[in-house]
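This report refers to the structure that appears directly beneath it.
The values are calculated or read from the model by the stated rules, or taken from the named source; none is laboratory data. Keep in mind that this is a model prediction, so the values were computed, not measured. Neighbour counts run over all protein chains shown; Cβ positions are idealised from the backbone, glycine included. Heads up: the accessible areas ignore ligands, DNA and RNA and are worked out on the full protein's heavy atoms, side chains in. Shrake-Rupley method; radii C 1.70, N 1.55, O 1.52, S 1.80 Å.
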Amino acid sequence: MVERLSFYLERSSPLHRLNPTTKLVVAFTLILVAFLGPGLLLPSLIFLLILTPLSFVGQVGREFLRTTVRLLLPLFAFLFVMQSLFYPGGKTVLFGFWIFSVKLEGVRFAFLTATRVLVMVSSFLLLLFTTHPGVLLLDLTQRGLPASVAYILASTLQIIPQMQAKAATILDAQRSRGLDTSGSLGRRIRALLPLVGPLVFGSLVDVEERAIAIEARGFRSSRPKTSLVEIEDRPLERALRWLCLLAIILALGSRLWP
Amino acid sequence: MAVIEIQNLTYTYPATSHPALREVSLTVEAGEFVAIIGPNGAGKSTLCYTLAGFIPHFFKGELQGEVRVAGQDIRRVRLEDWVLKVGLVFQNPFNQISGAKFTVYEEIAFGLENIGVPREEMKRRVEEVMALTGIEDLADRSPYALSGGQQQRVALASILVMQPEVLVLDEPTSQLDPIGTREVFQVIRRLAHQGVTIIMAEHKVEWIAEYADRVIALAEGRVIGTGTPADVLTDPRLPDYGIGISRYTAVARRAAGEGLWPAERRLPVTLDEAEAGFRAVEEAHAHLH
Amino acid sequence: MKLIDSIKKDFNTMTLVLIPVAIAINVVIGQIVVLLRLPVYLDSIGTVLVGAICGPWAGALTGTLSNIIWGLLIDPNAFPWFPVALFIGFVSGWCARFGLFRTWWGVIITGFLVAITAAVVSTPIAVYLYGGITASGSSFITAFLLQTGRDLVTAVLSTNFLVEPVDKIATALLAYAIIRGLSRRYLMRFPRAENVLPAESKK
């Protein structure tokens, strides 16, 4: 299990310095264009010509490519095998073996789906690699995200590593007492319960005190909140975000009036 | 001037049948340092939650009698306003970290953001309390990556920064190691010297003997003694209620049994008083021979 | 206005502090299940729990944010599936409101209803984003159904109907076991505790 806050990597790159909302808008735009735009090659071009170069500008290129491959390779392998064999509209047989036949339409469909998912996952990854989650939440709060939602997300990100550490401790303790976590399915199911109990109840008892602690610090105050940090937003970035909107409209138009 | 007045307070938590506090009355004056002692389950935490407004506003339940802060009735004041007057720090340092912030500096500012303090003032106040609690060097650390003592000082700073009129501390060192305990007590001592109004539930009677202006002893939800540390802490009934006494008192009581403590002298609660008492005995003996 | 007020009441501070813990339970148990190679997900126990004791809206928020956290932390593939998680929390909240969380058989019905909802909501996402084939083993069933001449939507929907109930009934039962393990005094701090407390102690 991974014990970290998010995918964020601390670097000083122009991409890291961009306003988080700008990066979020760009990510959404690339995804929407990949899914709505025309042509078989558009998503792969977005990945090769925009996302990959950008990841190197952000000084996270290697981690970006490695994580993208790790997260998507199994899906893609599966996708290509299944779709090229079982795609419902497949007519053009490329080659056949035993009772199976690989069809061109299936391969095309698998390629398009795979590259679209690639753009979706890697756009988010690039955003996450170059943006501290706290800064993203702060910026979104200043743009109207409810403070309670920001609180939930921030504290979840900090609770998870602790609960993972606790889970690892309990798992080790149970294993040393002879708990079988490999074995047959029945054994593995029986291994789950002694793990879950201490983990869940241990974290639930803290809820009351934690609620008191944040109320003691004015969390429920009805006064307008202020912010310690101000996140920079430049006019150029605002213009870029409008451009993104334009790109989305164009992609949508190409879908509606081909 | 009385900051907090409690009269005939009886309080029962929801879904329980026995009151946690029974007919409690007490007054806290501005600038006073009041200590609350009592065995586990005596109602110390309940009293702290009441002073801090969480009873009845957060816990609900049944409250009889009167609780007033700065003359206002607790039932008429919203919790969000009450917490600005009375700050609360409790035992578990870990649970007092908000989770909303990623650095200690931001963590301390969290309360000020919530109540809408302007940015420049916020920074000034955060830096002031960080100096007061001795945690300047932790500013950029994650509040979760700290020792218990450091976390508790962050919790203390996070409340102090809101500038409450009264500070309520519920056994603030009971879950800390000796180093953490010393660090936290150093800060509390500094606050007491500055004249901050402090109410502290605490087991460490030697510490109370030295710093508290007044002691309130609780047992089974009732006030069983109130007065100066010297009066309350030497009350012979304390051990019967399961309340620990100062080791100086214990030694002197043993000595008194053997006739080795001046009969007219009150039992000591601090090292200095014990020393003075035993010197007097020594001189008296020297006189005899 | 009445609806908004009742929703606001569901989001008291206890709820707001419970939700992060519930999401962490989703994520960490979800990961343990992967580690133990169990044929279920069990990644919505916390969502069902919040739905039951804090109401459908809080359950829906827990589900949604759970997927966002999973995406932020582990795999961005989780983001587009958030509507499924949203409805899991929402439906379990309504089931609890209709008293289905007071008995174990009611909880099994809840698990089943949640499964049906999840199956329906996830189908368009699987079909549109992934062409019906995802990385899970259940895609073999989808492929088989496609081979036997079903269209894509039918194939995916049927697969989901086959796979979801086991996972969601187990999830609901585990959430129920957690609730039964919590004290009455603790549960009463949450806005919809009356939905899960046994009828005789309602008063």
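Quick check on region C:39-62: of everything there that is part of a loop (DSSP other than H, G, I, E, B) and over 12 Å from C:Thr171 (Cβ atoms), which residue is nearest to the other protein chains (Cβ to nearest Cβ)? Once the filter is applied, the top-ranked residue is C:Pro39. Keeping to region C:138-156, report how many residues are of a type in the set (A, V, I, L, M) and modelled with pLDDT under 80. Total meeting the criteria: 0.
Checking the structure you have, find out if any residue of region C:11-26 is open to solvent by 10 Å² or more (accessible area, probe 1.4 Å) and in contact (Cβ under 8 Å) with a residue 12 or more places away in the chain.
yes
This table checks each residue for (1) surrounded by fewer than 20 Cβ atoms within 10 Å (Cβ to Cβ); (2) in a helix (DSSP H, G or I).
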{"residue": "A:Gly39", "(1), (2)": "yes, no"}
{"residue": "A:Leu45", "(1), (2)": "yes, yes"}
{"residue": "A:Met82", "(1), (2)": "no, yes"}
{"residue": "A:Gly90", "(1), (2)": "no, no"}
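In a residue-by-residue description of region A:160-178, the property of being surrounded by 23 or more Cβ atoms within 10 Å (Cβ to Cβ), within 12 Å of chain B (Cβ to nearest Cβ) and β-branched (Val, Ile, Thr) applies to at least one position.
For region B:85-95, the condition holds for no residue, the condition being that it is in a helix (DSSP H, G or I), charged (D, E, K, R) and at the interface with chain A (Cβ under 7 Å from one of its Cβ atoms). Given B:Ala274, B:Ala230, which one is part of a helix (DSSP H, G or I), open to solvent by less than 70 Å² (accessible area, probe 1.4 Å) and over 19 Å from B:Gly38 (Cα atoms)? Sole residue among the options that is part of a helix (DSSP H, G or I), open to solvent by less than 70 Å² (accessible area, probe 1.4 Å) and over 19 Å from B:Gly38 (Cα atoms): B:Ala274. Only strands (runs of 3 or more DSSP E) whose full extent lies in region B:1-50 are considered here, and the ones with at least 3 residues that are within 12 Å of B:Arg222 (Cα to Cα) and in contact (Cβ under 8 Å) with a residue 60 or more places away in the chain are B:21-29. Taken over region A:202-235, the criterion of being over 30 Å from C:Leu182 (Cα atoms), within 7 Å of chain B (Cβ to nearest Cβ) and either out of contact with any Gly (no Cβ under 8 Å at 6 or more places or on another chain) or outside any loop (DSSP other than H, G, I, E, B) (or both) is satisfied by A:Ser222, A:Ser227, A:Leu228.
Report yes if A:Gln83 is on the phi > 0 side of the Ramachandran plot and either modelled with pLDDT under 95 or assigned by TED's automatic domain parsing to the domain that holds A:Phe124 (or both), otherwise no.
No: the conditions fail for A:Gln83.
Examine region B:124-133 for a residue that is part of a helix (DSSP H, G or I), closer than 30 Å to C:Ile19 by Cβ and within 20 Å of the chain's Cα centre (by Cα), and state whether such a residue exists. There is at least one residue in region B:124-133 that is part of a helix (DSSP H, G or I), closer than 30 Å to C:Ile19 by Cβ and within 20 Å of the chain's Cα centre (by Cα). A single entry from A:Leu118, A:Leu199 fulfils the requirement of being in a helix (DSSP H, G or I), closer than 30 Å to A:Arg217 by Cβ and away from chain B (no Cβ under 14 Å): A:Leu199.
When restricted to residues that are closer than 25 Å to B:Ala286 by Cα, open to solvent by 20 Å² or more (accessible area, probe 1.4 Å) and among the aliphatic types (A, V, I, L, M), region B:233-256 contains 3. The requirement of being over 30 Å from C:Val34 (Cβ atoms), open to solvent by 60 Å² or more (accessible area, probe 1.4 Å) and either at pLDDT 85 or above or more than 30 Å from the chain's Cα centre (by Cα) (or both) is satisfied by A:Leu243.
Of the residues making up region A:3-33, those that are under 15 Å from the mean Cα position of the chain (by Cα) and hydrophobic (A, V, I, L, M, F, W, C) are A:Leu5, A:Phe7, A:Leu9, A:Leu24, A:Val25, A:Val26, A:Ala27, A:Phe28, A:Leu30, A:Ile31. Checking each residue in region B:51-83 for being without any contact (Cβ under 8 Å) to a residue 40 or more places away in the chain and among the charged types (D, E, K, R) picks out B:Asp73, B:Arg75, B:Arg76, B:Arg78, B:Glu80, B:Asp81.
Listed here are the residues, each with its yes/no results for (1) away from chain A (no Cβ under 11 Å); (2) among the aliphatic types (A, V, I, L, M); (3) touching a Leu at 6+ places or on another chain (Cβ under 9 Å).
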residue: B:Phe102; (1), (2), (3): no, no, yes
residue: B:Phe110; (1), (2), (3): no, no, yes
residue: B:Val129; (1), (2), (3): yes, yes, yes
residue: B:Asp137; (1), (2), (3): yes, no, no
residue: B:Asp140; (1), (2), (3): yes, no, no
residue: B:Gly148; (1), (2), (3): yes, no, yes
residue: B:Ser158; (1), (2), (3): no, no, no
residue: B:Pro164; (1), (2), (3): no, no, yes
residue: B:Leu169; (1), (2), (3): yes, yes, yes
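A:Ser101 satisfies every condition listed in (1) outside any strand (DSSP E or B); (2) closer than 20 Å to C:Gly131 by Cβ except (1).
When A:Leu65 is tested against (1) under 15 Å from C:Pro76 (Cβ atoms); (2) in contact with a Leu (Cβ under 8 Å, 6 or more places away or on another chain); (3) open to solvent by 50 Å² or more (accessible area, probe 1.4 Å), only condition (2) is not met.
Residue check: B:Gly259 meets all listed conditions (1) open to solvent by less than 50 Å² (accessible area, probe 1.4 Å); (2) modelled with pLDDT under 90 but one, namely (1).
Within region A:48-89, being more than 30 Å from C:Leu145 (Cβ to Cβ) and touching an Asp or Glu at 6+ places or on another chain (Cβ under 9 Å) holds for one residue alone: A:Ser55.
Listed here are the residues, each with its yes/no results for (1) over 26 Å from A:Ala147 (Cβ atoms); (2) open to solvent by 30 Å² or more (accessible area, probe 1.4 Å); (3) touching a residue at least 60 places away in the same chain (Cβ under 8 Å).
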site: C:Leu35; (1), (2), (3): yes, yes, no
site: C:Leu38; (1), (2), (3): yes, no, no
site: C:Leu42; (1), (2), (3): yes, no, yes
site: C:Leu49; (1), (2), (3): no, no, yes
site: C:Gly55; (1), (2), (3): no, no, yes
site: C:Gly63; (1), (2), (3): no, no, no
site: C:Gly71; (1), (2), (3): no, no, no
site: C:Pro76; (1), (2), (3): no, no, no
site: C:Leu86; (1), (2), (3): no, yes, no
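For the residues A:Leu71, A:Leu79, A:Leu32, A:Leu40, the requirement of being farther than 30 Å from A:Ile159 by Cβ, without any contact (Cβ under 8 Å) to a residue 60 or more places away in the chain and aliphatic (A, V, I, L, M) singles out A:Leu79. Only a single item in (1) open to solvent by less than 50 Å² (accessible area, probe 1.4 Å); (2) modelled with pLDDT under 90 is not met by B:Val168, and it is number (2).
Report whether or not C:Arg97 is open to solvent by 50 Å² or more (accessible area, probe 1.4 Å) and among the basic types (Lys, Arg). For C:Arg97, the condition - open to solvent by 50 Å² or more (accessible area, probe 1.4 Å) and among the basic types (Lys, Arg) - is met. Among the residues making up region B:171-206, those that are under 13 Å from the mean Cα position of the chain (by Cα), open to solvent by less than 30 Å² (accessible area, probe 1.4 Å) and among the polar types (S, T, N, Q) are B:Thr173, B:Thr197.
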